[in-house]
Amino acid sequence: MNVMIFGATGGIGKWAVQHALQREYHVTAYVRNAQKITETNKNLTVIQGDIHDQQEMTKALSGQDAVVWCVGIPMKKRYQKMESLEGHKTLIKAMEANLVKRLVDWGTPSIHFQQDKKSLITVVPGIIAGLLFPQAKKEMLAIAKVLQESSLDWTLVRFIAPQNTCYTGNVKVGFGDTKMNFSISREDIGAFMIKMLESDTYIRSMPIIGS
């Protein structure tokens, strides 16, 4: 499989790259600063690019089978530009131009999904985000909307408290109906996102994961 990973130098993206390479995928890391990539592998290609450059992104996506998006959103109360949202709009156009359908993305349970059951994990994050990070919540909801309106086979993986803890390989999945700890290792998140590339269980769905 040929997979392009955006945000490949981030706390989760770097693990997505490693787990994709472990599966012997051909990985293209699309990053803002190529010097931050320290991984060397015959199946790894690094492209330095801008997520807002339509022409550049469309060219880079040629020949790809799937995309994993690990670009973060600022955890600030206010900020001016919704760069991830605009990047998503560019990405969707580039994927559609190349007939690339599969996208694995991320968010938090502050994004409500129709399959959600009312519980602590589906209600509280949205309230807290609205109070502490209203701009980030607004951007996240807008991203979910553009995904749902697209023709892509997307999966939006939701989680709450990513940690720099050890990989477990034991991820719990649900929609507010599964008992789980909110904290989860960043490596477990990255590995789960890569696992989703070959699964049709959560296509056009938003599973919540925890430990």
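Taken together, the values in this text are just the output of simple stated rules run on the coordinates, not laboratory data. All figures in this text were calculated on a predicted structure; none of them were measured in a lab. Counting neighbours? That spans all protein chains shown, and the Cβs are built from the backbone with ideal geometry, glycine included.
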With a ≥ b ≥ c the root eigenvalues of the C-alpha gyration tensor of region 128-211, is it rounded (a/c under 1.5), prolate (a/b larger than b/c) or oblate?
oblate
Partner lysines for K179 [C-alpha distance under 23 Å; skip if fewer than 8 residues away on the same chain]:
K117, K118, K195
Where Cα atoms sit under 17 Å apart: lysine pairs in region 28-105 separated by 8 or more or lying on different chains
6
Of the GluC sites (Glu not before Pro) in region 12-111, those whose Cβ has at most 15 other Cβ within 10 Å and which sit in DSSP loop
E24, E39
Which net charge results when you count Lys and Arg as +1 and Asp and Glu as -1 among the other residues whose beta-carbon is under 13 Å from that of S185?
+1
Collect residues whose amide H, placed 1.01 Å from N in the peptide plane, falls under 5 Å from the amide H of Q163; neighbours closer than 5 in sequence don't count.
I184, S185, R186
How much net charge surrounds L197 when only other residues with a Cβ under 14 Å from its Cβ are counted (Lys, Arg +1; Asp, Glu -1)?
-2
Once the in-chain neighbours fewer than 8 apart are removed, the aspartates and glutamates whose Cα is under 14 Å from K14 read E39, E187, D188
Calculated [θ] (222 nm, deg cm²/dmol) that DSSP helices of n ≥ 4 give over the chain, each run adding -39,500 (n - 2.57):
-10500 deg cm²/dmol
Among A94, Q55, M75, whose Cα projects farthest towards the positive end of the dipole of region 49-97, with charges put on the beta-carbon of Lys, Arg (+1) and Asp, Glu (-1)?
M75
Could you run the Karplus curve 6.51 cos²θ - 1.76 cosθ + 1.60 with θ = phi - 60° over region 21-35 and give me ³J(HN,Hα) per residue in whole Hz, x for Gly and Pro?
5, 4, 8, 6, 6, 8, 9, 10, 8, 9, 9, 6, 10, 5, 5
Can you tell me the dipole magnitude for region 126-189 around its Cα centre, using point charges on the Cβ only (Lys, Arg +1; Asp, Glu -1), in Debye to the nearest 20?
220 debye
So what J values fall out for region 134-144 if you push phi through Karplus, 6.51 cos²θ - 1.76 cosθ + 1.60 with θ = phi - 60°, rounded to Hz, Gly and Pro as x?
x, 5, 5, 5, 4, 5, 4, 5, 5, 5, 4
Show the residues, 5+ positions off or on another chain, whose built amide H is closer than 5 Å to the amide H of A29.
I5, T45, V46, I47
Along its principal axes, what span do the Cα atoms of the chain show, with the longest given first and each in whole Å?
44, 36, 30
When N is the residue count of region 1-118, what does its C-alpha Rg come to as a fraction of 2.2 N^0.38 Å?
1.09
Listed by chain and number, the aspartates and glutamates with an alpha carbon less than 18 angstrom from that of K137, same-chain partners under 8 positions apart left out, are E83, E86, D105, D116
Roughly what angle does helix 186-195 make with the longest principal axis of the chain, taking Cα atoms, 0 to 90 degrees, to the nearest 10?
70 degrees
Once amide H atoms are placed 1.01 Å from N in the peptide plane, what residues at a sequence separation of 5 or more from D153, or on another chain, have their amide H within under 5 Å of its amide H?
R102, L103
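I'd like the trypsin sites (Lys or Arg not before Pro) in region 106-211 restricted to DSSP loop residues with at most 10 other Cβ atoms within 10 Å, sorted by number.
Within region 106-211, the qualifying trypsin sites (Lys or Arg not before Pro) (loop, at most 10 other Cβ atoms within 10 Å) are K118, K179.
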In order through region 68-84: 3J(HN,Hα) via Karplus (6.51 cos²θ - 1.76 cosθ + 1.60), integer Hz, x for Gly, Pro
10, 10, 10, 6, x, 10, x, 8, 10, 5, 9, 7, 7, 9, 8, 5, 5
